[in-house]
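Here, each number is a calculation from the coordinates, and none is a lab measurement. No experiment lies behind these values; they were computed from the predicted model shown. Methodologically, a virtual Cβ is constructed for each residue, glycine included, from the backbone with ideal geometry; neighbour enumeration extends over all protein chains shown.
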Amino acid sequence: MIQFIADKYLAQKLKRVKRKVGAINLATAKSALLVYDASNAAVEKKVRDFARFLKEEGVKTDTIGFYKLKGKEDKRPEDELSYIYYDKKCLNRLGFPKDNRILKRIGQEYHLMIDLNFLSIFSLKVIATLSRAHFKVGRSSGYQNEICDLTISTENKELDYFLSQTTTYLKMINKK
């Protein structure tokens, strides 16, 4: 029941999101937002490597990572310059972010938003949906088919493969 209410509330909030939609390639992108699950150390490393690659391409990159606490003693990683982490304590009852750090990033205009949410975590869905990014990229599955401007269909569920395909397609887009 709560999930139904949360989905309806998200649909209402989406109607108020104003964004400039347009295809942006890697050469013309100036900023990017990566949204992902930071609970897995291997995924975290791959996302950091991809963020480093984007920065080398001249794209100012910010990340928002959801960290699922594994126990009472577990703590989410500390925020760094362009890496923001959050956990369930930063969400309201419906699963929407209430933390100002996250709300600021959602409201900010980015050229690219790349959704790396492979596990369909609702709070990451909210961030990706409400993002004001000009060009949204995600996997061809679930909610990403509805909110992303470019979806990449991958039979292979590996993050490495998805990131390489994303890079390939972002380089192929012609911007005249």
Within the range 142-159, which residues are surrounded by fewer than 12 Cβ atoms within 10 Å (Cβ to Cβ) and either in contact (Cβ under 8 Å) with a residue 24 or more places away in the chain or in contact with a Gly (Cβ under 6 Å, 6 or more places away or on another chain) (or both)?
Lys157
Pick from the range 31-57, criterion part of a loop (DSSP other than H, G, I, E, B) and in contact with a Leu (Cβ under 9 Å, 6 or more places away or on another chain), ranking: nearest to Lys104 (Cα to Cα):
Ser39
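Out of the residues in the range 121-141 meeting the condition of being of a type in the set (Gly, Ala, Ser) and surrounded by fewer than 21 Cβ atoms within 10 Å (Cβ to Cβ), tell me which one is nearest to Ala32 (Cα to Cα). First the steps, then the outcome.
Here is the first cut: in the range 121-141, the ones of a type in the set (Gly, Ala, Ser) are 123, 128, 131, 133, 138, 140-141.
Filter again for surrounded by fewer than 21 Cβ atoms within 10 Å (Cβ to Cβ), leaving 140-141.
Values: Ser140: 19, Ser141: 21 Å.
Only one residue tops the list, namely Ser140.
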For the range 12-28, check the following and say yes or no: at least one residue is in a strand (DSSP E or B), touching a residue at least 24 places away in the same chain (Cβ under 8 Å) and under 19 Å from Leu116 (Cβ atoms).
no
Give the number of residues within the range 121-141 that are part of a loop (DSSP other than H, G, I, E, B) and touching a helix residue (DSSP H, G or I) at 6+ places or on another chain (Cβ under 9 Å).
2
If we scan the range 94-114, do we find a residue that is touching a Gly at 6+ places or on another chain (Cβ under 9 Å) and free of Cβ contacts under 8 Å to residues at least 60 places away in the same chain?
no
